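Here the structure is laid out as structure tokens; the discussion comes afterwards.
The values are calculated or read from the model by the stated rules, or taken from the named source; none is laboratory data. Worth saying up front: this structure is predicted, and the values here are computed from it rather than measured. Here the Cβ positions follow ideal geometry from the backbone for every residue, glycine too, while neighbour counts run over all protein chains shown. Keep in mind that these areas ignore ligands, DNA and RNA; they rest on the heavy atoms of the full protein, side chains included. Shrake-Rupley method; radii C 1.70, N 1.55, O 1.52, S 1.80 Å.
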Amino acid sequence: MSTSVLVVFAACSSDDSASISTVGTSTESASTTTAHAVAPTLTTLSTSTSGAAAPVQTKTIEPSAKIELVNPDWLAADEQYVYTRLDSSEVVRLNPATGEVLGITDVGGLPCRGLGAAYGAVWSCVAQGDEPESIVRIDPATDQVIATIELGKSTFQGSLVGGFDRVWVLVADGSLLVGIDPITNAIDEPIDLGVIGYELAVGSDAVWVISNRDHAVVRVDPTSRTVTDRIDVTEPVAIDASAAVWVGTADSTVRIDPTSLGVTELPIPVGYGGTVEVHEGDVWIRSAARFVERIDAATGEVVEQFDAGVASGGDLMIAFDAVWATAFDDYLLVRQPL
């Protein structure tokens with residue numbers, strides 16, 4: 001989630017496979033459709049952070065839960081490990097039970113936004129000067145880059161997520177969406193989003209893309225490869241579509257019903273440099289202002305807060321019965337057992 005402009009040069013990783021052709025920025029061959037625009041019916045929920053409700057007790061993160069790393073940012077997990085991306089262009093593989101560093105992959109190049117774990121691989125990005133960003137595929141068994149996929153990744157996207165037999169990537173200026181075949185590493189024809197995509201998430205039957213510039217959320221049908229709906233949301237910065245669709249914005253957090261597309265707003269901002277995660281009926285918010293908050297998704301009430309004594313933003317993930325959160329400018333990764 002970093003907005004840092006620190007530039008670090010690192011040695012390039014080995015790459016034993018051939019690069020794949022770059023996706024052009026032309027939209028002439030892109031799949032397109034006219035999206036159904038929705039003027040949302042907005043419902044606002046009160047929360048325990050407003051009104052006369054009793055304040056929520058804040059838990060202090062203990063030193064034993066803190067792991068020192070240099071500028072950790074994005075987080076991902078698979079069935080065996082936790083991963084984080086450093087601004088030094090290194091992907092770190094961690095023991096989920098202890099937070100111990102088990103392996104490091106130096107992908108080379110300049111700092112860039114992008115990390116995910118899907119289909120038995122770890123996916124990250126590589127940036128080289130003014131060249132378009134590429135995706136790198138890492139084998140977690142060897143911590144080696146085994147493929148470089150040259151597709152001109154958007155500089156905004158940080159969550160590289162899998163679903164519907166593809167890894168989904170925003171390309172060019174973010175207005176195009178492509179899927180990477182995890183078996184062949186081949187790139188699908190791009191889908192024209194009609195907006196400048198910023199981040200994305202995979203739901204049960206769709207890929208959801210937020211556009212910070214166009215103040216919108218769009219729903220992409222992965223079967224027809226078309227944009228089917230557009231919902232107006234002001235300044236969205238983060239999204240989770242694992243249960244309903246939760247969108248963190250600069251000033252609030254909103255829930256979009258994936259069937260009716262109705263919007264419910266919570267007056268709890270995520271802000272730039274933060275994120276939102278849904279886990280077992282709770283919504284977890286990572287923000288620079290309040291570190292981590294847990295919210296009951298049914299009531300909108302803040303039920304738990306955590307304080308790590310940091311001021312910077314970062315990523316958040318619930319995995320292996322623990323809360324994982326980064327604070328990039330504080331050189332900190334937190335592993336807080338649930």
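Subtracting the Cα-Cα distance of Gln128 and Thr228 from their residue separation scaled by 0.36 nm leaves 32.5 nm. Accessible-area rank, largest first, for Ser204, Ser211: Ser204, Ser211, with all protein chains present and a 1.4 angstrom probe.
Of the residues Val303, Val278, ranked by 1.4 Å probe accessible area with the largest first, the sequence reads Val303, Val278.
Charge dipole of the range 140-248 (Cα centre as origin; +1 on each Lys and Arg Cβ, -1 on each Asp and Glu Cβ, all else neutral): 60 debye, rounded to the nearest 20. Put simply, the amide H of Val82, placed in the peptide plane, has neighbours under 5 Å in Leu94, leaving out anything fewer than 5 places away on its chain. Length available on full extension from Glu280 to Ile104: 0.36 nm per residue minus the Cα-Cα distance, which gives 60.3 nm.
What does the accessible area per residue of the range 125-171 come to in Å², with a 1.4 Å probe and no ligands, DNA or RNA counted? Please list the in-between numbers first.
Numbers: 1650 Å² over 47 residues.
I get 35 Å² per residue for this part.
Ranked by accessible surface with a 1.4 Å probe, highest first, in what order do Glu280, Glu100 come?
Details: Glu280 160, Glu100 105 Å².
Sorted descending by solvent-accessible area, the residues read Glu280, Glu100.
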